[in-house]
Amino acid sequence: MFLYGERNYEMKEKILSAEDLSKSFAHNGKQLHILSHIDLDLYEGDFTVIMGASGSGKSTLLYALSGMDRATAGKVIYKDMDIVKLNEKKLTELRHGDFGFVFQQMHLIGNLSLFENIAVPGYLNKEVTAREVDARTEELLIKMGIESVKTHMPSQVSGGEQQRCAIARAVIHSPKLLFADEPTGALNRRNTTEVLNLLTELNKAGQSILMVTHDMRAALRADRLLYLEDGRITGELTLPPYKKEDEKSRDAQVNAWLSSMEW
Amino acid sequence: MEIWTLVKANIRNKKGSFFSIVLLMTIISLSVTVILSLKRNTKESMDALWEKAAPGELTVLIKKESLTEDLLKRVEDSGLTEKVEDIPVISADASVINDITNGNTLFMRKRDNWFMPYNDRLTGYADENITINRGEIYIPIGIKTDHSCNIGDKMRVYTIYNHYYDFTIAGFLAEPVVGSETIGWKQAYVSDADFEQMYAEARTEELAHDSEVTADVHILQIYQSENADMTSVEFRRALNKETGIVDFAFGTLTMSESQKYTLLLTDIITAALLVFMLMLTAVVLIVMGHSISTGIQIGYGELGILKAQGFSKEKIRLVFICQYLFAELFGSLAGIVLSVPVMQLMKNIFFDITGILSSDSLALGAASLLIGFILVLSVLFIWMMTYKITKISPVRAISGGQETVYFDSLFQTGIHKKGIHAGLALRQLTSNGKRYIGILFIIAILVFFMMTVMVLGNLINSKTSLEAMGFMPTELSVEFRTELSDKQLEDIETKIEEYTPISHKYYIQNLYLSLNGEQTMCCIFRNPEEVPAISKGRAPLYDNEIVITDVLAEEYALHIGDEVTVTHKDEKKTYMITGFNQSMNDIGRVFFMSLEGSANIGIENIYHGGYSLLDDSEVDRIAAELNDSYGELIVAKVAFYETGGGDMYEEIINMAKALIYILSVVFAFVVVHMVCTKTFIQERRDIGIYKACGFTAGMLRLQFAVRFLLIAVVGVVIGMVFSIFLSGTAISQMLRLAGVSTIEVSYTPTTFILPTVVICICFFIFAYFASRKIKRVETKELVLE
């Protein structure tokens, strides 16, 4: 494994760990190994980005770590629980309690307004009152810059606004870890920047993020980059927290690292 | 070939929709085939029985004393008649089988060439040379139906002055003229020796009492001359004008009337069921329409690809037509096959009503024609519904499907933490309302029929409703064996009131009189203010007044204030019409007058009393007590209006209720299943999102079920509104055949609650069941990789 940069992991608290994680399935009589014996720790407050070529298993890893998909072998430890072994009920609890998800295709509910799309998952939390959820939703709408279109339906707003709404929805319950799968994959340049700025802001505010992307601009926002190839993590790069003014040097550093990964 | 390949593939991939349409079409085809076959077979069998028995066009019931030699000769010599068959019978005013008293007049006769007994298994005719032994009696099927009796059961027959004779039922008869359950008069056959004994004893009693009461009656079968060429009603009118025979008779029945009465109930049942089936056909079309439109929406991309590959829009539409038509054809054939055993069952029910044994062959021609019409209609409907296919653009379809669905609804309600699942269910409903309009219509139709059949049930069980239809519902009925004085009537009332107060009483006599030359039933009231169901004008309070039914007014073009001539034997008087009412007697062909009015034409006595009791708990004891104390004068019997003679009607209505409820549940299941399947496909992505947000499969299934529950509630409300406005009209249209033009529809809480509960629970449970696939939706389906 190539390691660039230095990081003092002892200073950070481990939030989620994968141990010997594998995912395979049979296809046309052959066993395909999508993920092979992955060991990985994610830390609180990190903005971790997984990169890799198409078909390298990035999204599969993301969903195996988040419990959206089950690994064939290995463990995913979160709060002393092995996510791989959790039943559907426990996984559901994790989804509306500890984890948040942002998808490439936004996946907003078409018949709910932006406000409702954000608030509805919040309502599932029994420990929070409806008033608190509504206040948090308003706060997020302002933060995401979509307050003016909060009563609009998803089909009535732009892709960027939809994705910002999706991010707000993902963090309505203040998750411990936000999983983002190519969140800028379906966006134009301007919207991409807006969404990445939001994610960066969230991270700066302490939000742990695990993002999968093959977009260089998105990768620059990370403070930890992992490279996945043929289902294995083959490289890791740690970076200082993102600053706009450092973007050029950061870009060169990441590019060099990716070149070394034969990206 | 390419079309066939696509049709096969579509059927394979949409097995649920295919089998749903097959099931619905099976029900429709089965019902249509059975209804049309029963209708045809009953009519054909009735015609065959008339041909076999060959009765005259006119049956006249006349007391011996009225049938003078001169009168008979006038009839026989008339140029209008071919021949007259004179059959002496003994009139019995009551009979008891299995402890059930029947107050309808029974005419006892000797074995003659009319004697046509069925075999013991009631599968065909018995040997015609069968002998009737002493103590044996053969009765028509109509009595068997009323009393649920069998061969070997004992039957007690009362003639005049409380004379009774005990018989053993030896068999059942085919009797075309008055054999049907729907006709009150009945004929029974006894041995010659029994007949002679009864006749002699009745004659002795008649001579011993100086009264009008007689058991000596003659049935005249009058055959129309070939030269006359008249309808049977015209024949009766003309013959009466020439000979006065109808004026002297106490009852007549023309061939057309007899056939009409015989088929009355079966005609009503088949007409109502046919309407129900046609409405269910509309339901099938709606379900198909929904399936097609959502199918196009879901398969937009694939349809675009087909177009891109060179399939014309017509070819694609043809694929849809073939796919659904194939299911309909399959269902139609299955229905026809299944109608074979169902016909056996239904044939027996119709046999009980009409008394006519019919074949169980299928009316394939008529059924095929109607089913063919339904199929043609559905082809046109599918062609119309697939119009959207012509608008599919291959480019847009390939590049990601159709346009974004734009949700905006006037009925948008907020979503709150409290009741979040109901809120989301409501949003899913209102944001795509169009998808559910068809279902609402289907529910409304089902609820309408469910409520209508319940209203019909209420009608025959509600005293007020029966009174409004012209019935005189009582708990205790008394037939007078002789003329009773006011003092005797008072004694009877006093005896009854020793047990409970009388809330209402009727003293009446029904008999046939000539009204402007037409034989018409007359109902004579001791207290004319009791004449029921007057809808216009007033009761016939004076001795020159009558009230006629709406049916008669329409038939004879009569108005209030018009004068009519009523004839009884040699007596003739002009009466003025003072009002209109309705009655189910004689399919509404009845007029009413006071006893004072009838005295003008020589009718001075009443022979029937009916008592409505405040407390009917001891009615059996009262009847027994009256029979013990006044047995020589009267026959008292329990006559609960709910069951008295109406058992079979109640049973039929209960059967119709069960049939409509069962079919509604089946249709609800199929509709929910089909709609849920399509909705599930359309909303699969949303389900995944909800799951990713932390919703459990159980919560989502609950939302799904709640959504259909909400649809059911709205549909039920629409159905109720339909019912409130249309059930009365629908029932009165149906009962018009039986002579009732206006009904007082009564709704009980059950009328509303039962259909609501059945439909809502069915939709909720079926939707919850149909949404079980939600468990299989995984959040990883949202991932693009």
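Tell me, in nm to one decimal, what length is gained between B:F373 and B:S535 on full extension, where the rule is 0.36 nm per residue of separation less the Cα-Cα distance? Spell out each step's value before the answer.
Details: separation 162, 0.36 × 162 = 58.32 nm, distance 4.20 nm.
Roughly 54.1 nm would be gained on extension.
Can you tell me the 0 to 90 degree angle between the C-alpha axis of helix B:749-770 and the longest principal axis of chain B, rounded to 10?
Once rounded, one gets 30 degrees.
How do B:304-314, B:26-36 rank on mean C-beta neighbours within 10 Å, highest first? Don't skip to the answer; put the middle values down first.
On the way: B:304-314: 15.3, B:26-36: 24.5.
By packing density, highest mean first, the sequence is B:26-36, B:304-314.
Along the three principal axes, how long is region B:1-101 when you take its alpha carbons, biggest first, rounded to the nearest angstrom?
So the extents along the principal axes, rounded to whole Å, are 86, 46, 17.
Taking the Cα-to-Cβ direction at B:E314 and at A:E44 and moving 7 Å from each Cα, how far apart do the two end points lie in nm?
7.3 nm
Quick check: the distance between the Cα centres of region B:503-528 and region B:30-74, to the nearest angstrom?
25 Å
Over all directions, average the projected area of the Cα convex hull of region B:628-785 and note it in nm².
On the way: hull surface 58.9 nm².
Mean shadow area of the hull around the Cα atoms is 14.7 nm².
Work out Dmax and Rg for the protein assembly as shown from the C-alpha atoms and quote the Rg first, both in angstrom.
Values for the protein assembly as shown (Cα only, Rg and Dmax): 42.0, 136 Å.
Among DSSP bridges having both ends in the protein assembly as shown, what percentage is antiparallel? Round to the nearest 5.
70 percent
Starting from the 7 Å offset along Cα-to-Cβ, what nm value, one decimal, do you get for the label separation of B:I502 and B:K8?
Result: 8.1 nm between the two label points.
Place a point 7 Å from the Cα of B:R621 along the Cα-to-Cβ direction; which residues of region B:488-515 have their backbone N under 16 Å from it?
The answer is B:495-502.
Tell me whether region B:141-284 comes out rounded, prolate or oblate; compute the Cα gyration tensor, take square roots of the eigenvalues as a ≥ b ≥ c, and use a/c under 1.5 as the rounded threshold.
The shape class here is oblate.
Enumerate the amide H contacts of B:H608 below 5 Å, restricted to partners 5 or more residues apart or on another chain; note that Pro and chain-start residues carry no placed amide H.
Long-range HN contacts for B:H608: B:F480, B:I508.
For q values of 0.10, 0.15 Å⁻¹, compute log₁₀ I(q)/I(0) with the Debye formula on a Cα-only model of region B:596-720, without solvent.
Here the Debye-derived log intensity ratios amount to -0.65, -0.92.
Tell me, what is a quarter of the convex hull surface for the C-alpha atoms of region B:483-524, in nm² with one decimal?
Values: hull surface 15.9 nm².
Across all orientations, region B:483-524 yields a mean hull projection of 4.0 nm².
Could you work out the percent of alpha carbon pairs in region B:517-656 separated by over 27 Å, rounded to a whole number?
On the way: 3399 of 9730 pairs.
Tail fraction, whole percent: 35.
Above 54 Å lies some portion of the pair distances; for chain B, what is it as a whole percent of all C-alpha pairs?
Working: 81258 of 307720 pairs.
I get 26 percent for the Cα pairs in chain B exceeding 54 Å.
In terms of modelled amide H atoms, which long-range or inter-chain residues lie less than 5 Å from the amide H of B:L476?
B:Y611, B:L613, B:A639
Please give the contour-minus-distance gain from A:S260 to A:H27: 0.36 nm per residue of separation, less the Cα-Cα distance, rounded to one decimal in nm.
Details: separation 233, 0.36 × 233 = 83.88 nm, distance 3.18 nm.
Gain on extension, A:S260 to A:H27, equals 80.7 nm.
Treating cross-link reach as a plain straight distance, find the lysines whose alpha-carbon is under 21 Å from the alpha-carbon of A:K243, omitting any fewer than eight places away in the same chain.
Cross-link targets: A:K12, A:K143, A:K204.
Distances longer than 27 Å among the Cα atoms of region B:16-160: what percent of all pairs is that? Working shown, then result.
Values: 4844 of 10440 pairs.
More than 27 Å apart: 46 percent of the Cα pairs in region B:16-160.
So what's the net charge close to B:K14: Lys and Arg +1, Asp and Glu -1, counting the other residues with Cβ under 14 Å from its Cβ?
Details: positive: B:K8, B:R12, B:K15, B:K678; negative: B:E302.
Here the charged neighbours net out to +3.
Would you list, by chain and number, the lysines whose Cα falls below 21 Å from the Cα of B:K15, excluding same-chain residues fewer than 8 positions away?
Straight-distance partners of B:K15: B:K678, B:K773, B:K775.
Sum -39500 (n - 2.57) across every DSSP H segment of at least 4 residues in the protein assembly as shown, then divide by the residue count to get the 222 nm mean residue ellipticity, nearest 500. Please report the intermediate quantities before stating the final value.
Numbers: 30 runs with 501 residues, N = 1048.
The helix-only estimate for the protein assembly as shown comes to -16000 deg cm²/dmol at 222 nm.
Taking θ as phi - 60°, what are the ³J(HN,Hα) couplings along region A:117-134 by the Karplus curve (6.51, -1.76, 1.60), each to the nearest whole Hz, with x for Gly and Pro?
Whole-Hz 3J(HN,Hα) from phi for region A:117-134: 4, 6, 6, 3, x, x, 5, 5, 6, 6, 7, 10, 7, 4, 5, 5, 5, 4.
All other residues with a Cβ under 11 Å from the Cβ of B:R111 taken together, and with Lys, Arg as +1 and Asp, Glu as -1, what is their net charge?
Result for the local shell: -3.
Find, to one decimal place in angstroms, the Kirkwood hydrodynamic radius of region A:184-228, where the mean of 1/r is taken over every pair of different Cα atoms and then inverted. Don't skip to the answer; put the middle values down first.
On the way: mean 1/r = 0.0909 Å⁻¹.
Result for region A:184-228, one decimal place: 11.0 Å.
Report, in listed order, any pair from B:K63/B:K83; A:K79/B:K417; A:K89/A:K150 with a Cα-Cα distance greater than 22 Å.
A:K79/B:K417; A:K89/A:K150
Mind giving me the nanometre distance, one decimal, between the label points for B:S393 and B:M230, set 7 Å out from Cα along Cα→Cβ?
7.9 nm
For all pairs of alpha-carbon atoms in chain A, what percent lies in each bin of width 5 Å, listed from the first bin to the last filled one?
Result returned by the calculation: 1, 6, 13, 17, 19, 17, 13, 9, 4, 1, 0.
Over 19 Å between Cα atoms, which of B:K52/B:K144; B:K73/B:K572; B:K536/B:K569; B:K434/B:K780; B:K154/B:K186 qualify?
Numbers: B:K52/B:K144 22 Å; B:K73/B:K572 22 Å; B:K536/B:K569 30 Å; B:K434/B:K780 31 Å; B:K154/B:K186 17 Å.
Pairs exceeding the cut-off: B:K52/B:K144; B:K73/B:K572; B:K536/B:K569; B:K434/B:K780.
Could you run the Karplus curve 6.51 cos²θ - 1.76 cosθ + 1.60 with θ = phi - 60° over region A:33-49 and give me ³J(HN,Hα) per residue in whole Hz, x for Gly and Pro?
Once θ is set to phi - 60°, the couplings for region A:33-49 become 9, 8, 10, 10, 6, 8, 10, 7, 10, 10, 10, 5, x, 6, 10, 9, 10 Hz.
Which aspartates and glutamates does B:K495 reach when only Cα atoms under 19 Å apart count, and residues fewer than 8 places away in its own chain are ignored?
Excluding near neighbours in sequence, the set is B:E475, B:E479, B:E483, B:D486, B:D615, B:D616, B:E618, B:D620, B:E625, B:D628, B:E632.
Given 0.36 nm per residue, what is the gain on full extension from B:N544 to B:M279 after removing their alpha carbon distance, in nm? If you can, show how the numbers build up before the last one.
Numbers: separation 265, 0.36 × 265 = 95.40 nm, distance 4.96 nm.
Stretched out fully, the B:N544 to B:M279 stretch lengthens by 90.4 nm.
No value in this document is a laboratory result; all are computed from the given coordinates. The structure presented is a predicted model; accordingly, all values stated were derived computationally and were not measured. Don't worry about glycine lacking a Cβ; one is built from the backbone with ideal geometry, like all the others, and counts go over all protein chains shown.
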